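Undergrad: Would you mind keeping the following structure in view while I ask a few things?
The numbers here are math on the coordinates, done by the rules we state, and not lab data. In this text, all values refer to a predicted model and were calculated from it rather than measured experimentally. Note: ideal-geometry Cβ built from the backbone for every residue, glycine included; neighbour counts use all protein chains shown.
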Amino acid sequence: MKLPGSTLVLATGNRGKLAEIRDLLAPLGLDVRAQSEFGIEPPEETGLSFIENAILKARHASLASGLPALADDSGLEVDALEGAPGIYSARYAGTDGDDAANNQKLLEALANVPEEKRTARFRCVIAVLRHAEDPMPVILSGTWEGVILDGPRGDNGFGYDPLFRPLGMDRSSAELAKAEKNRLSHRGQALAALAELLKDTTVTG
């Protein structure tokens, strides 16, 4: 996969997500810029799936900036809640990006659910568009299996990280060091796949 130039616009306003993506793409030597640096406001997420929303956001950022764009759409799927909050994870409690309220609503929804039935996963879908009319967006994905704790633990990360304990671990995602989380997480998996696609190609302008 070749990008037309070395600048890539990240179609997100989430600071935590922005920091993670920048860290994971740093070895590629790309000039990774937030869409806010171009005065781009996020579009309304009208898609009915992670893939639809990722493409929608990337296309919006690419059209507004005239540059290649990357968008991530991700969320938490809880089995006992039939996959909720899913694509509505960031606004589960009503206000977009209110982590504390989202976590509280999730705990309330699972109040009477035993630990063995609190299985869940983080899912991430990344879309990369070379230009706004790119007919074949590159789509990458990753999942991270775990269970939902009965209370928050840890101060790292963002979103539902304090409530998510990855399978096979005794710590929450918010108790993991940044490098460890980036290596294991759903987003880390998807971006590692992207890095493999990009690392052996010459970025041409």
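Undergrad: Please work out the FRET efficiency for the pair residue 183 and residue 116, using the Cβ-Cβ distance as r and a Förster radius of 25 Å; give the result to the nearest 0.05.
TA: About 0.40, to the nearest 0.05.
Undergrad: How tilted is helix 99-109 with respect to the longest principal axis of the chain? Cα atoms for both, answer in degrees (0 to 90, nearest 10).
TA: The helix 99-109 is inclined about 40 degrees to the chain.
Undergrad: Between residue 196 and residue 48, what is the FRET efficiency for a Förster distance of 25 Å, r being their Cβ-Cβ separation, to the nearest 0.05?
TA: 0.30
Undergrad: Which angle between 0 and 90 degrees, to the nearest 10, do you get for helix 15-25 versus the longest principal axis of the chain when only C-alpha atoms count?
TA: 60
Undergrad: Filter the cross-link list 57/117; 2/181; 2/57 down to pairs whose alpha-carbon distance in this structure exceeds 30 Å.
TA: 57/117
Undergrad: Right, another one. Taking the simple approach of a point 7 Å from Cα along Cα-to-Cβ for both residue 167 and residue 139, what is their distance in nm?
TA: Output for this residue pair reads 2.3 nm.
Undergrad: Here are several values of Rg/Rh (Cα atoms, Kirkwood Rh): [x] 0.94; [y] 0.98; [z] 1.05. Which one was derived from the coordinates shown?
TA: Comparing each candidate, only [y] matches the computed number.
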